[in-house]
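The structure under discussion appears below in the form of structure tokens.
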Amino acid sequence: MSGDFDPFADAPRSRPSRRENEQEPAQQSFDPWADLPTRASRRRHGLELPNDAPGLGGMWQGDDASLTLERGAGQGSEPSPAPGGRILVVCTGNVCRSPYIHLRLAAELGVLGIEVTSAGTGALAGWPVDPGSVALLDAAGIDSTAFRARQLTVDMVEDADLVLTATRAHRRAVVQEAPLGLRKTFALVDFADLVADVPPDEVDAARGPSAVGKLVAAAGARRHLVHARPEDDDADIVDPFKMGPEVFAQMEREIVPSLDVVVAALGRGTTDLQR
């Protein structure tokens with residue numbers, strides 16, 4: 001990874017290098033960092049991701065990706081009131097990493113009035129949670145039977161107060177297609193690093209439409225205080241799709257510490273919602 005790339009920055013100072021055998025999503029003649037994007041203002045069913053980007057838009061070609069749903073069962077058929085704010089979790093297929101993060105967060109944050117949903121950049125839309133993640137959720141006492149994967153759309157990004165991604169590559173893909181999500185989209189591990197030591201008074205003083213939005217604003221104000229992890233691998237959660245239980249266990253080990261930090265930060269900043 002290029003030494004001058006800051007994943008917390010509003011705009012990269014230079015294009016980050018990719019790991020071997022990966023390709024950077026094509027710019028397609030528009031600036032994903034523009035303040036007033038034109039493409040993101042159109043209502044579309046799914047993000048227009050390049051078919052030749054491994055692990056992104058073209059990953060599921062040949063699988064049953066045609067079963068696209070605007071909102072998966074178990075994720076809400078219509079936007080619901082969320083006084084604490086809305087969190088959207090993103091991975092590729094929306095069957096392994098993002099539903100695990102989504103359902104764990106929802107179990108922890110529902111009492112605070114925070115809505116959590118998830119989607120995939122190349123979703124296996126309509127599919128249930130992968131059995132490997134189901135086993136981990138069952139062990140945590142979390143029911144995943146109603147969940148169905150769904151394809152990410154620009155509207156979902158724009159409706160969220162915070163977008164958490166499984167990897168930095170997912171963050172770049174989301175922001176490239178939904179530039180209005182730039183300042184509220186983070187890889188999960190990066191966001192946890194930003195909010196790990198944020199004082200509650202900084203969250204209370206931040207401007208935002210909800211408790212989640214205020215934490216995002218406070219996190220953004222701390223970018224200059226937190227050193228970003230130097231390599232993408234340091235911030236990325238392993239993809240366990242079609243892998244064995246040991247890889248799902250690795251996924252869980254990489255997720256849980258960051259989840260605990262985010263839940264604690266939101267708990268400190270939403271005490272007024274618990275009264």
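Binning the alpha carbon pair distances of region 101-177 at 10 angstrom intervals from zero yields the distribution 16, 48, 33, 3, expressed in whole percent. Shape analysis of region 173-275 places it in the prolate category; the axes a ≥ b ≥ c from the Cα gyration tensor give an a/c of at least 1.5, with a/b above b/c. An oblate overall shape is assigned to region 96-146, the ratio a/c of its alpha-carbon gyration tensor axes (a ≥ b ≥ c) being 1.5 or greater and a/b not exceeding b/c.
Solvent exposure of region 97-149 amounts to 33 Å² per residue of accessible area, where only protein heavy atoms count and the probe is 1.4 Å.
Working ranking of peptides 233-241, 187-195, 217-225 by packing, defined as the average number of other Cβ atoms within 10 Å per residue, highest first, is 187-195, 233-241, 217-225. Put +1 on the Cβ of every Lys and Arg and -1 on every Asp and Glu Cβ in region 120-171; which of ALA160, ALA135, GLY122 then has its Cα farthest towards the positive end of the dipole? Value computed over the given set: GLY122. Sorting the segments 145-154, 166-175 by their residues' average number of neighbouring beta-carbon atoms within 10 angstrom, most packed first, yields 166-175, 145-154. Here region 188-204 is scanned for amide nitrogen atoms under 13 Å from the site 7 Å beyond the Cα of ALA221 along Cα-to-Cβ, giving 198-204.
The values are calculated or read from the model by the stated rules, or taken from the named source; none is laboratory data. What you see is a predicted model, and the numbers here were worked out from it, not measured in a lab. Cβ: placed from backbone, ideal geometry, glycine included. Neighbour counts: every protein chain shown. Keep in mind that these areas ignore ligands, DNA and RNA; they rest on the heavy atoms of the full protein, side chains included. Shrake-Rupley method; radii C 1.70, N 1.55, O 1.52, S 1.80 Å.
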